[in-house]
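**Q** A single structure is presented below for examination.
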Amino acid sequence: MATPNGYLTTPTKTPSEKSSLKRHQSSVDSAAKLSSRFEAYNRLQAAAVAFGEKLPIPEIVALGGQSDGKSSLLEALLGFRFNVREVEMGTRRPLILQMVHDPTALDPRCRFQEEDSEEYGSPVVSGTAIADIIKSRTEALLKKTKTSVSPNPIVMRAEYAHCPNLTIIDTPGFVLKAKKGEPENTPDEILSMVKSLASPPNRILLFLQQSSVEWCSSLWLDAIREIDPTFRRTVIVVSKFDNRLKEFSDRWEVDRYLSASGYLGENTRPYFVALPKDRGTISNDEFRRQISQVDAEVLRHLRDGVKGGFDEEKFKPYVGFGCLRDYLESELQKRYKESAPATLALLEQRCTEVTTELARMDSTIQATSDVAHLRRFAMLHAASISNHVGAVIDGAADPAPEQWGKTTHEEQSESGIGSWPGVTVDVKPPNATLRLYGGAAFERVIHEFRCAAYSIECPPVSREKVANILLAHAGRGGSRGVTEAAAEIARAAARSWLAPLLDTACDRLAFVLGNLFDLALERNRSRESEYGGKSGNMDGYISFHASLRHAYIRFVKDLAKQCKKLVRHHLDSVTSPYSQVCYENDFQGGVGLSASNNKFNQASASSFCLELSEGGAASRDETMRDQENMPPQTNAQQTTPGKGEEGREALRECQMTVPETPSPDQPCEVVYGVKKELGNFIEVGPRKRIARMAGNRNTENIRLQNGGVLLFGNGDNGARSGSAFSEICSSAAQHFARIREVLVERSVTSTLNSGFLTPCQDRLVVALGLDLFAVNDEKFMDMFVAPGAMDLLQNERMSLEKRQKILQSCLNEFKSVARAL
């Protein structure tokens with residue numbers, strides 16, 4: 001419009017118009033900030049669900065009974081229906097509803113996050129299709145896990161112009177009894193899962209309860225108190241409030257009910273909500289109009305239908321669905337703003353951790369393809385294990401013997417060997433009840449073997465055996481039949497009874513050494529955690545560890561096999577007819593050696609081992625009384641063989657050289673033992689001196705009896721011939737004891753130590769190296785790279801890299817949000 005002077009004037013804004021524009025622009029900026037903050041948290045929540053991250057994101061968790069109106073409330077918040085109640089959406093899997101207020105989305109657009117991924121699928125518009133997807137996903141997961149409920153959530157993102165910026169986790173409803181066809185413990189599983197979902201302190205609890213239920217008789221209020229005792233983070237909603245309105249007639253009744261005084265505390269104010277009951281097919285606009293209409297009708301009834309109305313100033317902000325929706329949206333945005341700094345710091349930490357993990361994955365992939373690198377670290381690991389085995393053999397107090405050691409009974413039962421063969425008494429070596437391992441357990445088995453060996457006496461000998469040996473010598477004209485018979489009997493008994501003991505000792509010692517592998521692994525693991533790993537991280541190579549264990553076990557078994565051959569060789573040596581072991585006792589007084597002296601030697605075995613277990617002294621006294629399980633004491637009254645007075649006399653007597661065939665220059669000194677019987681002269685045979693044999697003087701006691709014939713029957717001369725049999729049995733027992741003593745004390749103990757312990761300390765690392773590393777690269781890499789292993793590593797790396805990118809994107813977004821706060 002023109003002015004009187006003909007000039008056009010520039011339009012100007014009044015102060016009121018400027019203020020209105022500023023307020024509008026401020027409102028737009030605030031809405032934009034809220035929207036960006038909400039979107040940032042939604043993306044972070046999707047990433048957390050996809051990758052299993054536990055981030056303290058503010059979230060609302062809806063709780064309540066099966067029919068308390070949770071499904072209707074969720075539909076009201078969304079602003080549209082999708083028949084959620086028909087599939088009982090919240091009864092078996094949690095549903096995370098991410099509601100995004102999008103003014104351009106005139107029709108709701110729903111997208112479901114893919115299982116085990118942060119990506120969302122194609123938009124779904126039909127309400128029936130949404131319900132079908134929820135139902136099919138729930139049934140598929142429960143069938144896969146073979147459970148009735150699952151904590152794995154379904155994530156649905158709903159973009160709509162008529163929904164708030166709000167995220168709610170709908171949980172399975174509490175039930176008192178399982179449905180038909182479900183396990184009986186389904187109610188307990190639902191309660192346990194809901195408590196687990198509601199326990200994190202960053203979650204707001206939205207607890208629904210029907211208005212028809214009195215607070216004093218609430219079934220699930222106590223369960224909520226267990227999670228949040230003071231209701232500090234709980235929003236209580238009384239659903240289906242319209243069913244209770246007709247019961248109020250006076251103002252005091254309404255105010256008392258709305259205050260929930262005496263049950264929820266002074267600072268807890270429940271919300272009272274009523275929603276449309278019409279479940280007919282209606283449009284989304286009609287659904288929202290009905291929600292607003294119900295709110296208005298509830299307020300009108302409280303004002304006009306109740307005498308005196310109600311305290312609107314105090315309770316009106318808590319009545320109606322609209323008030324609840326506004327509070328939830330504002331409370332969630334408030335929590336988002338408060339938690340943004342902590343969330344930003346946690347995101348930075350997670351991004352750093354994922355970056356480190358990705359670098360470690362790259363190192364693993366590179367190491368897996370680098371043969372020289374793998375060989376070096378594998379050798380270092382094998383050498384470390386070998387060193388720890390040697391340290392445990394030398395004596396160690398870690399790992400804790402109370403946890404890793406074994407008693408004698410546990411060694412016997414776990415090894416499957418059991419008791420010592422041929423030993424009828426209970427062999428209990430000193431320290432049998434202590435938990436030992438390594439060198440201590442090895443020495444205990446050695447002493448247990450000695451106790452078992454000295455528990456075996458020379459078995460009874462039949463007259464037939466004695467006769468078969470003695471008569472054969474007599475028939476050949478020999479004069480050493482008694483000594484030879486006793487020695488042969490002792491040698492046969494030693495081979496028969498001591499050989500199984502030697503094999504058992506080797507097996508028991510191999511079991512003790514076999515247990516050292518796990519001990520060495522534990523020591524190596526603890527050392528690496530304390531001082532940092534220097535031999536590389538070999539934890540992920542299962543096949544290599546299996547090969548290393550197999551090589552160690554094979555090494556111990558080979559040692560056991562070699563030791564069995566060595567101790568058998570010693571047994572064959574001391575039981576050989578050419579061995580003089582059986583005759584050394586003759587130098588100490590012949591076959592008449594006192595039995596009490598032998599028992600005294602057995603009773604002195606306790607000098608070989610220190611008794612450290614409780615009750616050791618009493619056990620030793622009992623052993624002395626029983627005279628069992630004890631080797632001879634080397635410093636006892638027994639004289640070293642061949643050095644006694646009687647022995648020296650025997651040596652002087654037998655040092656004379658007597659030729660087998662008299663020389664022509666010498667008269668024959670052959671003396672014939674002759675006895676006249678019934679007028680007949682019976683020539684028994686020549687009697688000669690045998691070099692280095694003093695036992696031949698005992699043959700005179702049994703010669704030429706019963707007509708010059710050696711008899712062992714039960715005839716009239718049984719008493720006389722019985723003395724010869726008893727003498728041979730006694731002599732055999734003495735020879736057996738001598739063989740046993742020489743074998744145990746002089747040969748076996750040192751052989752077992754040098755055959756087992758020395759190789760474990762000196763040759764183990766070389767043996768493991770030859771077994772594992774003296775192979776070509778292709779065979780070596782079989783321990784580290786299984787078929788398809790590289791593909792799995794690459795896939796894992798790609799997933800980790802994707803996770804890093806998502807978290808880094810969330811971090812950058814939250815930095816922008818933090819700057820805008």
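**Q** Amide H of V235: which non-local residues (sequence gap of 5 or more, or other chain) have their own amide H closer than 5 Å, using H built in the peptide plane?
**A** Excluding prolines and chain starts, which carry no amide H, the hits are L205, L206, F207.
**Q** Based on the Cβ-Cβ distance of S754 and S199, what FRET efficiency does E = 1/(1 + (r/R0)^6) give at R0 = 56 Å, to the nearest 0.05? Numbers along the way, then the final one.
**A** On the way: r = 63 Å, r/R0 = 1.12.
Working from the Cβ atoms, E equals 0.35.
**Q** Given a Förster distance of 22 angstrom, what is the FRET efficiency for R244 paired with V125, based on the Cβ-Cβ distance and rounded to 0.05?
**A** Details: r = 37 Å, r/R0 = 1.68.
Approximately 0.05, to the nearest 0.05.
**Q** Right, next: Using a 1.4 Å probe and ignoring any ligands, DNA or RNA, find the accessible area of M781 and quote it in Å² to the nearest 10.
**A** 30 Å²
**Q** Using the alpha-carbon centroid of each, what span in Å lies between region 269-292 and region 336-390?
**A** Between the Cα centres of region 269-292 and region 336-390 lies a distance of 55 Å.
**Q** If you don't mind, there's one more thing I want to ask. Treating the Cα atoms of region 292-332 as identical point scatterers in vacuum, please give the log10 of the normalised Debye intensity I(q)/I(0) at q = 0.16, 0.19 Å⁻¹, two decimals.
**A** Taking Cα atoms of region 292-332 as identical point scatterers yields -0.43, -0.58.
**Q** Also, I was wondering about something else. In debye, nearest 20: dipole of region 169-301 around its Cα centre with unit charges on the Cβ of K, R (+) and D, E (-)? Could the numbers behind the result be given before it?
**A** Working: 19 positive and 20 negative charges, 33 e Å.
The calculated dipole for region 169-301 is roughly 160 debye.
**Q** Then there's this: Per residue, what accessible area does region 120-268 have, given a 1.4 Å probe and all protein chains present, in Å²? It would help to have the intermediate numbers written out before the result.
**A** On the way: 7210 Å² over 149 residues.
Heavy-atom SASA per residue in region 120-268 reads 48 Å².
**Q** More than 22 Å apart: what percent of Cα pairs in region 356-502 qualify? Working shown, then result.
**A** On the way: 7022 of 10731 pairs.
Within region 356-502, distances greater than 22 Å cover 65 percent of Cα pairs.
**Q** Suppose every K and R has +1 on its Cβ and every D and E has -1 on its Cβ; what is the size of the dipole of region 293-399 about the Cα centre, in Debye to the nearest 20?
**A** 100 debye
**Q** Which order do you get for H550, H735 if you rank them by accessible area with a 1.4 Å probe, largest at the top? It would help to have the intermediate numbers written out before the result.
**A** Values: H550 110, H735 0 Å².
In descending accessible area the options line up as H550, H735.
**Q** Give the accessible surface of region 727-779 per residue, rounded to a whole number of Å², with probe radius 1.4 Å and ligands, DNA and RNA excluded.
**A** Values: 2080 Å² over 53 residues.
With all protein chains present, region 727-779 gives 39 Å² per residue.
**Q** Taking the simple approach of a point 7 Å from Cα along Cα-to-Cβ for both R137 and V371, what is their distance in nm?
**A** Each label point is offset 7 Å from its Cα along the Cβ direction, giving 4.9 nm.
**Q** Which of the peptides 299-307, 450-458 is most tightly packed, and how do the rest follow, judged by the mean count of other Cβ atoms within 10 Å per residue?
**A** Working: 299-307: 14.7, 450-458: 22.6.
For the peptides 299-307, 450-458, the packing ranking is 450-458, 299-307.
**Q** Now, a different point. Going down the table (K135/K314; K144/K177; K316/K815), which pairs top 31 Å between alpha carbons?
**A** Numbers: K135/K314 43 Å; K144/K177 24 Å; K316/K815 39 Å.
Where the Cα-Cα span goes over 31 Å, the pairs concerned are K135/K314; K316/K815.
**Q** Still on this structure: Modelled label-to-label distance, A105 and E801, 7 Å Cα→beta-carbon offset: nm?
**A** 3.2 nm
**Q** For region 315-439, with the dipole built from +1 on Lys and Arg beta-carbon atoms and -1 on Asp and Glu ones, taken about the Cα centre, which of A383, A340, L434 lies farthest toward the positive end?
**A** My answer, from the dipole projection, is A340.
**Q** In addition: Taking N as the number of residues in region 259-375, what is its Cα Rg relative to 2.2 N^0.38 Å?
**A** On the way: Rg = 27.7 Å, N = 117, 2.2 N^0.38 = 13.4 Å.
Its radius of gyration relative to the 2.2 N^0.38 Å reference: 2.06.
**Q** Computing the accessible area with a 1.4 Å probe over protein heavy atoms, can you report the carbon and sulfur percentage for region 292-373? Working shown, then result.
**A** Numbers: 2080 of 4290 Å².
Ligands and nucleic acids excluded, carbon and sulfur give 48 percent.
**Q** Could you give the dipole magnitude of region 308-369 about its Cα centre, charging the beta-carbon of Lys and Arg +1 and that of Asp and Glu -1, in debye to the nearest 20?
**A** Values: 8 positive and 11 negative charges, 9 e Å.
Using Cβ point charges on Lys, Arg, Asp and Glu, region 308-369 gives about 40 debye.
**Q** Percent of Cα-Cα pairs more than 25 Å apart in region 110-237, please. Show your work: numbers first, answer last.
**A** Details: 3171 of 8128 pairs.
More than 25 Å apart: 39 percent of the Cα pairs in region 110-237.
**Q** Okay, moving on. With r defined as the distance between the Cβ atoms of S413 and S363 and R0 fixed at 56 Å, what FRET efficiency is calculated, to the nearest 0.05? Provide the component values of the computation, followed by the final result.
**A** On the way: r = 45 Å, r/R0 = 0.80.
Working from the Cβ atoms, E equals 0.80.
**Q** Please compute the net charge surrounding F555, taking Lys and Arg as +1 and Asp and Glu as -1 over other residues with Cβ under 13 Å from its Cβ. Each step should come with its number before you reach the end.
**A** Values: positive: R549, R554, K557, K561, R763; negative: D558, D762, D771.
Overall, the nearby charge balance is +2.
The values are calculated or read from the model by the stated rules, or taken from the named source; none is laboratory data. Here the structure is a predicted model, which means the values were calculated and not measured. Cβ atoms come from the backbone with ideal geometry, glycine included; neighbour counts cover every protein chain shown. Keep in mind that these areas ignore ligands, DNA and RNA; they rest on the heavy atoms of the full protein, side chains included. Shrake-Rupley method; radii C 1.70, N 1.55, O 1.52, S 1.80 Å.
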